[in-house]
Amino acid sequence: MASPDLTPRLNFVTLGVRDVAASRAFYERLGLKPHGMSNEHVGFFDINGTVLAVFGHDSLAHDAGTAAGEPPSFRGVSLAWNATSTAEADAIYAHAIACGAKPVKRPEKVFWGGYSGYFSDPDGHLWEVAHNPFVSIDAKGHIVLP
């Protein structure tokens, strides 16, 4: 029997949402292409090898065996969309707002030496838009750590 592959990887990010159709529409406006496996209960988007899924909030809580309730206003998690420059970060942020994202913090120079800001999706999931001058982005859009 072959040994299991225990290499760490992030394959899916699933967001619990109030309205799957509205969330799918938001992410489509943002430029994500829905996968054919999507249906009225779940939306799948391939983001350069990682899948973003939107799934009903209460259904996700049930699936995980936890109480649904209202999500806290700050979940202690953010998703990040890295840019190759501050100008690109500004353009991504403006695009997200035009697509219906809620502005949280306009991109600005930050204490760690980069440039970042935040928007949230219709359910309050935070997205950071950042230019990190200490890493690079390869031709496939993947972060390359030094």
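Filtering region 116-146 down to residues that are β-branched (Val, Ile, Thr) and more than 14 Å from the chain's Cα centre (by Cα), which residue is surrounded by the most Cβ atoms within 10 Å (Cβ to Cβ)?
Quick first cut of region 116-146, residues β-branched (Val, Ile, Thr) only: 129, 135, 137, 143-144.
Narrowing further to those that are more than 14 Å from the chain's Cα centre (by Cα): 135, 137, 143-144.
Details: Val135: 13, Ile137: 15, Ile143: 11, Val144: 8.
That would be Ile137.
Quick check: anything in region 32-47 under 24 Å from Thr14 (Cβ atoms) and in contact (Cβ under 8 Å) with a residue 24 or more places away in the chain? First the steps, then the outcome.
Of all residues in region 32-47, those under 24 Å from Thr14 (Cβ atoms) come to 32-47.
Right, trim to in contact (Cβ under 8 Å) with a residue 24 or more places away in the chain and you get none.
The answer is no; no qualifying residue exists.
Look through Leu10, Leu32, Leu6 and report the one residue that is closer than 30 Å to Phe134 by Cβ and either of a type in the set (S, T, N, Q) or under 12 Å from the mean Cα position of the chain (by Cα) (or both). Break it down into steps so the answer makes sense when it comes.
Details: Leu10 fails: either of a type in the set (S, T, N, Q) or under 12 Å from the mean Cα position of the chain (by Cα) (or both); Leu6 fails: either of a type in the set (S, T, N, Q) or under 12 Å from the mean Cα position of the chain (by Cα) (or both).
The match here is Leu32.
Would you tally the residues in region 128-146 being in a strand (DSSP E or B), within 24 Å of Val54 (Cβ to Cβ) and out of contact with any helix residue (DSSP H, G or I) (no Cβ under 7 Å at 6 or more places or on another chain)?
As a first pass, look at region 128-146 and keep what is in a strand (DSSP E or B): 128-131, 136-137, 143-144.
Next cut, within 24 Å of Val54 (Cβ to Cβ) only: 128-130, 143.
Imposing the further condition that a residue be out of contact with any helix residue (DSSP H, G or I) (no Cβ under 7 Å at 6 or more places or on another chain) reduces the set to 128, 143.
Count: 2.
So is Gly65 out of contact with any Phe, Trp or Tyr (no Cβ under 6 Å at 6 or more places or on another chain) and on the phi > 0 side of the Ramachandran plot or not? Break it down into steps so the answer makes sense when it comes.
Details: out of contact with any Phe, Trp or Tyr (no Cβ under 6 Å at 6 or more places or on another chain): yes; on the phi > 0 side of the Ramachandran plot: yes.
Considered against the rule, which asks whether it is out of contact with any Phe, Trp or Tyr (no Cβ under 6 Å at 6 or more places or on another chain) and on the phi > 0 side of the Ramachandran plot, Gly65 comes out as yes.
Only residues in region 6-22 that are farther than 12 Å from Val51 by Cα and in the same structural domain as Pro34 (by TED's automatic domain parsing) count as the first member; pair them with residues that are in a helix (DSSP H, G or I) and modelled with pLDDT of 95 or more, Cβ under 6 angstrom, at least 6 apart or cross-chain, and list the lot.
Between residues of region 6-22 that are farther than 12 Å from Val51 by Cα and in the same structural domain as Pro34 (by TED's automatic domain parsing) and residues that are in a helix (DSSP H, G or I) and modelled with pLDDT of 95 or more, the close pairs are Val17/Ser23.
The values are calculated or read from the model by the stated rules, or taken from the named source; none is laboratory data. What you are looking at is a predicted structure, and each value in this text was computed from that prediction instead of being measured. Heads up, the Cβs are rebuilt from the backbone with ideal geometry, glycines too, and the neighbour counts pull from every protein chain shown.
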